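Here is the structure we will look at, set down as structure tokens.
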Amino acid sequence: MGDWKPYDQVLKSALERACKRHGVQYRDEDGQKYYDAVPTWGPHTDVPHPLTRIAKHIPLVILSNAMTEQRHSNVRKLEAPFHKVYTAQDAKAYKPRLAAFEYMIDQLGCDPEDLLHVSSSPRYDHFSANDVGIKNKVFVNRGHEPTPNAAYSFTEIRDINGLPALVGL
């Protein structure tokens, strides 16, 4: 995982390696198409309404592996107001690197114990969040990754509709 590189380079390199591994010709324009598609992706359908409801009471923060140029499109699709949005490009580190989480915590000027971290990815989020000292974690079990070990101390929900009740709303 060497030094940080722009996401388009990371994505193209990964696609090129996958093509080589499977005997498929790689074309840089195909890699660019995948990169260009990222801002067209939308959130899971259960996300916008509960986040909008929560944002009225709790400041929401995003730590994204996206590029800064993709930030506005991605956030707009979530439909909720966000207090802060940090990208891997801002942090010069991609999750799961601890540097990404440390950057966010430093920028917010808070302690890890002040945060509630919500994610469906143990590998890219929960393990690192735990390692930097974030005690309050919610695992959104969408069924695409194994449930993390209970030692990581998290609360599990099936989708974001369960989040307002967890924060007392």
Looking across the range 72-89 at residues that are within 17 Å of Tyr103 (Cα to Cα) and not β-branched (Val, Ile, Thr), the single one that is surrounded by the fewest Cβ atoms within 10 Å (Cβ to Cβ) is His83
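The rows are residues; the columns are (1) touching a residue at least 60 places away in the same chain (Cβ under 8 Å); (2) assigned to a helix (DSSP H, G or I); (3) loosely packed, with under 14 Cβ neighbours inside 10 Å.
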| position | (1), (2), (3) |
| --- | --- |
| Val10 | yes, yes, no |
| Ser13 | no, yes, yes |
| Arg17 | no, yes, yes |
| Val24 | no, no, yes |
| Gly31 | no, yes, no |
| Ala37 | no, yes, yes |
| His44 | yes, no, yes |
| Thr52 | no, yes, no |
Given (1) closer than 30 Å to Pro164 by Cα; (2) assigned to a helix (DSSP H, G or I); (3) without any contact (Cβ under 8 Å) to a residue 12 or more places away in the chain, Ile105 misses just (3)
Considering the range 54-84, residues that are of a type in the set (S, T, N, Q) and outside any helix (DSSP H, G or I), and then whichever is nearest to the chain's Cα centre (by Cα), we arrive at Ser64
When every residue in the range 95-147 that is small (Gly, Ala, Ser) and under 19 Å from Leu51 (Cβ atoms) is compared, the one surrounded by the most Cβ atoms within 10 Å (Cβ to Cβ) is Ala129
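Throughout, read-outs are computed from the coordinates displayed, never taken from laboratory work. All values reported here derive from a predicted model rather than from experimental measurement. FYI the Cβ positions are ideal-geometry reconstructions off the backbone, even for glycines, and counts take in every protein chain you see.
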